[in-house]
Amino acid sequence: MAGVLVPVHGRVEWKIFRDPASGDYVGVCDPLKLTASGRTLEAVRKEIVEVLSYFLQDAYQDGDLDEVLRSHGWSIVGLRPTQGTRVRFVPPEPHIRRVARPVYAPA
């Protein structure tokens, strides 16, 4: 997707664990209610960045970007895009913590 690059500064916490059933790595971001997964740690890290980028893109398209930024203590680096501008977000660098077991209770 072409468009103006919009870097976002802030901190976002993710917990990563290895799913015992599949062997995949799973990332969970409780504050944003987001998840990502991958066969390797590198794959899940890339997926986390992609998920965060889509999260910001959705907020922008819905007109909720300012509220999302404010509620998470994030800020845009540089000029703020005007509504309707084609943008691609560079999300905050995720802070990743490995945990030994799943951080959710299976249904």
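A few points about this structure:
- Any pair with Cβ under 9 angstrom, 6 or more apart, that starts in region 7-24 at a residue that is touching a residue at least 60 places away in the same chain (Cβ under 8 Å) and ends at one that is buried (at least 16 other Cβ atoms within 10 Å of the Cβ) and among the hydroxyl-bearing types (S, T, Y): I16/Y25; F17/Y25; D19/Y25; D19/S37
- Filter result for V44 (modelled with pLDDT of 95 or more and touching a Ser or Thr at 6+ places or on another chain (Cβ under 9 Å)): yes
- Check on V26, farther than 15 Å from E93 by Cβ and either of a type in the set (S, T, N, Q) or touching a Gly at 6+ places or on another chain (Cβ under 9 Å) (or both): yes
- Of all residues in region 29-36, none are of a type in the set (A, V, I, L, M, F, W, C), free of Cβ contacts under 8 Å to residues at least 60 places away in the same chain, in a helix (DSSP H, G or I) and surrounded by 11 or more Cβ atoms within 10 Å (Cβ to Cβ).
- If the condition is being among the aromatic types (F, W, Y), in a helix (DSSP H, G or I) and either in contact (Cβ under 8 Å) with a residue 60 or more places away in the chain or surrounded by fewer than 16 Cβ atoms within 10 Å (Cβ to Cβ) (or both), then region 50-100 contributes only Y54.
The values are calculated or read from the model by the stated rules, or taken from the named source; none is laboratory data. Note that the structure is predicted; figures quoted are calculated from it, not measured. Neighbour counts run over all protein chains shown; Cβ positions are idealised from the backbone, glycine included.
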